[in-house]
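Participant: Dumping the structure here so I can ask a few things about it.
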Amino acid sequence: MSRMLSVFGEVEKFNDPVAKNTSGYDEDMEPSFAGLDLETPPDHLLQYARLHLEELPDTKESVIQEFKDLIYERGDVMPHRMDDPFLVRFLRARRFNVEKSYRLMTRYYQFKENNPEMHDEVNPFHLKFIGDDDVLSVLPNREQTGRRIMIYKMGNWNPSLYSMDEIMKATIAILECAILEQRAQILGGICLIDMGNVSLQHAWNITPSIASKIVELMVTSFPVRTHAIHIVNQSWVFDIIYTIFRPMLDERMKEKIYFHGDDLDSLHAHIDPKFLPACYGGVQPEFSYMDWMDSLRNNPRIVRDKSWTIFKTIPIKDNTKYNSIKINACSEQCGRRRRRNIETLDYHSGRQSQSPRRN
């Protein structure tokens, strides 16, 4: 029987007319290659954001300003960017709840600080071997609700050649590029995990520490919402692995994972097969990790975007001092505001507060 693991909020079913209509997708249309959409979201997506993310035109600007004021006032994190498009990523991921968005941002930078090996001088094109092994890929087309699908084929991973950390580096590279797309910020994404041919050797390499990092990355510490996770071709070995993850998942998280086994009809009840590759009962061709990266590298707007070069650790403030940091113009502006001891204004109460304090 399928079970569902929810990462955020309510479950939006495959046959939910609101999800289908507001995504702007017609189930009868033919799938095609969908490059990153870096334009302003169309009206149907903005409507979806209003209905599901509390992204209201009348209050959006003031909520962004409230978020900025909170960052300056508390001073727990020094973002490498403070422009509105960057901050909106966090607000959308937490349905425009400023406090939750702030905690997400803090966790985002804390994850970078705690795992510098996954960000420091990481070049996503040097992870070609993961694509060669067909361990991780992103489908070139979106599914029927307009969401992208990231696929892991864990049985293709050879733990004796490289660790799970390398797969997580590639995942971060994909997510950082995909989140440039406002569609992804609004709709979230879908993860399909193929556990076929997973052995005890794989299970032994999924330690509690690795599991914790995966949950942090996919659930608590990255500004993108996971709409659903679909597990296919799992065997009894998966039960061993899932035992490690289960204590880390709360009830909301357990509402959006589906275990399908080898029942493709069960998978197709959620993802129309016309949007899936042939190996999952669909009609689409395979698409590798490097195909995805090459398509992004050839887009000049993506190359110019600051996020393309974020694969370096951006330290955050600890309890005693600031670490040395390379910051761009946005962070320099933030730093100047700190140094000038500018007072910030509490948006709701109108009271003045001290400039960001150091713990």
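Participant: Treat segment 123-310 as a sphere of radius equal to its Kirkwood radius over Cα pairs and apply Stokes-Einstein at 37 °C in a medium of 0.692 mPa s; give the translational diffusion coefficient in µm²/s, rounded to a whole number.
Facilitator: Working: Rh = 17.1 Å.
Using the Kirkwood radius from Cα pairs, D works out to 192 µm²/s.
Participant: Something else: Would you kindly calculate the mean projected area, averaged across all directions, of the convex hull enclosing the Cα atoms of segment 223-303, in square nanometres?
Facilitator: Details: hull surface 30.7 nm².
Convex hull of Cα atoms, orientation-averaged projection: 7.7 nm².
Participant: Hey, got the dipole for segment 123-310? About the Cα centre, +1 on K and R Cβ, -1 on D and E Cβ, debye to the nearest 20? Display every interim value, and only then the final one.
Facilitator: Working: 18 positive and 22 negative charges, 143 e Å.
Here segment 123-310 has a charge dipole of around 680 debye.
Participant: Quick check: residue separation of residue 61 and residue 205 times 0.36 nm, minus the Cα distance between them. What number comes out in nm?
Facilitator: Values: separation 144, 0.36 × 144 = 51.84 nm, distance 4.60 nm.
47.2 nm is the gain from fully extending residue 61 to residue 205.
Participant: Placing unit charges on C-beta atoms (Lys and Arg positive, Asp and Glu negative, everything else neutral), compute the dipole magnitude of segment 135-205 about its Cα centre in debye, rounded to 20.
Facilitator: Numbers: 6 positive and 6 negative charges, 42 e Å.
The dipole of segment 135-205 has a size of about 200 debye.
Participant: Using the 2.2 N^0.38 Å rule of thumb for compact globular proteins, work out how segment 145-204 stacks up: its C-alpha Rg over that value, please.
Facilitator: On the way: Rg = 13.8 Å, N = 60, 2.2 N^0.38 = 10.4 Å.
Compared with the compact-globule rule of thumb, segment 145-204 sits at 1.32.
Participant: What is the projected area of the convex hull of the Cα atoms of segment 38-114, averaged over all directions, in nm²?
Facilitator: Numbers: hull surface 21.6 nm².
Averaged projected hull area, Cα only: 5.4 nm².
Here, each number is a calculation from the coordinates, and none is a lab measurement. These numbers were taken from a predicted model, which means no experiment stands behind them. No Cβ is skipped: glycine too gets one built from the backbone with ideal geometry, and neighbour counts run over all protein chains shown.
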